[in-house]
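Single-structure report; data block below.
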Amino acid sequence: MTDWIRVAGEHELAPGESRVVWDGDTPILVVNFDGRFHAVLDQCTHEDYELSAAPFDAATGELTCLLHSARFDVRTGEARCAPAYLPLTVFPVKVEDGAIWTRDDR
Ligand code: FES
């Protein structure tokens, strides 16, 4: 298991904002949804396409993939509509020492 990766200062990621960090070869997309931080693999489960380019709906917590419009719940990774059926990999997030942290815990 790897160490935690610093994402940003606790107050640097406003609600609706996101940031990508890398844990080794793993791109992790961290999103502030309504004051809570969520981390998912930055890769659509339909095809290999980064979700960091996806519009984020700050009302529903959904990412909409730019390529074919699959939607994902950023809290659970659940695929909400076709053409994606598999959920996104979800990673742990913590706020500690004034910063947001995540890691690839697989
Ligand atoms: S690559 Fe994301 S919906 Fe097709």
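The values are calculated or read from the model by the stated rules, or taken from the named source; none is laboratory data. Keep in mind the model is a prediction, meaning the values are calculated, not measured. Cβ atoms come from the backbone with ideal geometry, glycine included; neighbour counts cover every protein chain shown. Heads up: the accessible areas ignore ligands, DNA and RNA and are worked out on the full protein's heavy atoms, side chains in. Shrake-Rupley method; radii C 1.70, N 1.55, O 1.52, S 1.80 Å.
Structure above, values below:
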quantity	calculated
Amide H within-cut-off set for GLU17, under 5 Å, with H built and near neighbours excluded	ASN32
The chain: most fluctuating residue of GLU47, GLU78, GLU62 per GNM, C-alpha cutoff 10 Å	GLU47
Nearest-10 value in Å² for the accessible area of THR26, using the 1.4 Å probe	20 Å²
Calculated from backbone phi, Karplus (6.51, -1.76, 1.60) coupling profile of the stretch 58-67 in Hz, x at Gly/Pro	6, 8, 9, x, 9, 9, 10, 4, 6, 6
Relative contact order for the chain, counting Cα pairs under 8 Å that sit 6 or more residues apart, in percent	28 percent
Accessible carbon and sulfur surface of the chain relative to its total accessible area, %, 1.4 Å	47 percent
Kirkwood hydrodynamic radius (C-alpha pairs) into Stokes-Einstein, the stretch 15-106, 4 °C and 1.567 mPa s, D in µm²/s	100 µm²/s
Highest-MSF residue in the chain out of LEU86, LEU13, LEU29 [GNM, Cα springs under 10 Å]	LEU86
Local electrostatic count at VAL20 - Lys and Arg +1, Asp and Glu -1, tallied over other residues with Cβ under 12 Å	-3
Accessible surface, per residue, of the chain when the full set of protein chains is kept, probe 1.4 Å, Å²	54 Å²
